[in-house]
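Step one of this worksheet: look at the structure below.
The values are calculated or read from the model by the stated rules, or taken from the named source; none is laboratory data. Quick caveat: nothing in here was measured; it's all calculated off a predicted structure. Please note: Cβ atoms are built from the backbone with ideal geometry, for glycine as well, and neighbour counts cover all protein chains shown.
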Amino acid sequence: MTKKRKVCVVTGTRAEYGLLYFLMKEIENDDSLILQLIVTGMHLSPEFGMTFKQIENDGFIINRKVEILLSSDTSIGISKSMGLAMIGFAEAYEEMKPDLIVVLGDRFEIFSAVSAATIAKIPIVHLHGGETTEGAYDEAMRHSITKMSHLHFTAAEAYRHRVIQLGENPNNVFNVGGLGIDNIKRLKLLDRKDFEKSIDFKLGKRNLLITFHPVTLENSTEKDQLSDLLEALDELSDTHLIFTKANADTGGRNINKMIDDYVKENSHKSIAFTSLGQLRYLSALQYMDGVIGNSSSGLIEAPSFKIGTVNIGERQKGRIKSESVIDCQSDYASISQALEKLNDSLFIEKLETVVNPYGEGGAAEKIVQALRDFSFKDILKKQFYDLEVKA
């Protein structure tokens, strides 16, 4: 009888878990695989909604909780959290003895998880590598995770090429499309009435969803940038605003306090959430007239709903974008101009023909097939794959 592979999925944020949900379901339902789950980071923080409870409510068994977050989002606090994470993951791997680990993206928690797995000689599967976010230290984290990983699943062909360019063997790099598209295709989204009831907020004539994260390679710019954004939003008429709060990055608490203060003064037209969760977030996109901020979801998921995205500043610089994305600087004048374009009738008409560059779904099934059938024999003996250099 063939031994079942123990596949350990690591998740540290609400957004990341949302992308991993259907992949975890596929692993759980596969007779040749055993799902293991480690939860860490913001999932275990009261400040960020204790979202591990949602994971349990979804029916998943959490094998290990690795507590790492300190009550500080300074550079020193984040670095100390990374150290705690290394210790916690090392202990978890020793106890659970997974055959491989699966991680997504670029955050500091994942960097620590992968570093510990490298030392423990556990094969690493990386999702959504090869992407660029030039305004965040996530950029360096992501490429470092790629170099420590052994099997790669990217969200676009250009990202697959970039992973190969980083020296990874093409036979181990697969373009499967964006995992977020699976959620759009497979979740039964809420109708307008049920959605309004679920957030205890009535939608308006026009509606915008706003997510603004710190630009971690800039020095304490988040207050000025968010002030300009809030000022520009405040000038819109007949528009209701739904805010989702920032992650546990450097400066995130400053952003969240400013959002809370704004909503308190403008409760008639705005509401804020630490976490909407994947179902409510995607359900919201059905009824929005646009997505505002600097979150990757405005580039990856929003185009599938034929709505525009105002992408502010440098945080997502370098990512593949559809024609539904309006790039702007982070000052008041640029944001106001972008919001004006978002409401332009010609731009709205163009949205009907937008194609999402992150695919049409099916990523989870493709990944699970590889996790089941791929031969991991000698995969730890990595060699740098050299591209042919033109003279």
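Tabulated data for the structure shown
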item	result
From ILE110, ILE61, residue being surrounded by fewer than 14 Cβ atoms within 10 Å (Cβ to Cβ), in contact with a strand residue (DSSP E or B) (Cβ under 7 Å, 6 or more places away or on another chain) and touching a residue at least 12 places away in the same chain (Cβ under 8 Å)	ILE61
Helices (runs of 4 or more DSSP H) wholly inside the range 175-236 that include at least 2 residues being surrounded by 15 or more Cβ atoms within 10 Å (Cβ to Cβ) and aliphatic (A, V, I, L, M)	179-186, 222-234
Candidate set from the range 99-158 (those that are modelled with pLDDT of 95 or more and among the basic types (Lys, Arg)); member that is farthest from LEU33 (Cα to Cα)	LYS147
Residue list for the range 352-376, filter: of a type in the set (A, V, I, L, M, F, W, C) and either surrounded by fewer than 17 Cβ atoms within 10 Å (Cβ to Cβ) or not in a helix (DSSP H, G or I) (or both)	VAL354, VAL355, ALA370, PHE374, PHE376
MET96 vs. criteria in the same structural domain as VAL368 (by TED's automatic domain parsing), in contact (Cβ under 8 Å) with a residue 24 or more places away in the chain, touching a Ser or Thr at 6+ places or on another chain (Cβ under 9 Å) and surrounded by fewer than 22 Cβ atoms within 10 Å (Cβ to Cβ)	no
Flag if GLU28 is among the acidic types (Asp, Glu), surrounded by fewer than 18 Cβ atoms within 10 Å (Cβ to Cβ), in contact with a strand residue (DSSP E or B) (Cβ under 6 Å, 6 or more places away or on another chain) and without any contact (Cβ under 8 Å) to a residue 40 or more places away in the chain	yes
Residue satisfying all of: in the range 298-316; of a type in the set (D, E, K, R) and more than 20 Å from GLU16 (Cα to Cα); modelled with the lowest pLDDT among these	GLU314
Failed item in (1) in contact with an Asp or Glu (Cβ under 8 Å, 6 or more places away or on another chain); (2) over 25 Å from LYS202 (Cα atoms); (3) assigned to a helix (DSSP H, G or I), with ALA333 passing the rest	(1)
Top-ranked residue of the range 313-349 - restricted to ones that are among the aliphatic types (A, V, I, L, M) and within 25 Å of ALA155 (Cβ to Cβ), ranked as surrounded by the fewest Cβ atoms within 10 Å (Cβ to Cβ)	ILE320
Any hit, the range 36-47, residues being of a type outside the set (Val, Ile, Thr), under 21 Å from the mean Cα position of the chain (by Cα), under 16 Å from ILE101 (Cβ atoms) and assigned to a helix (DSSP H, G or I)	yes
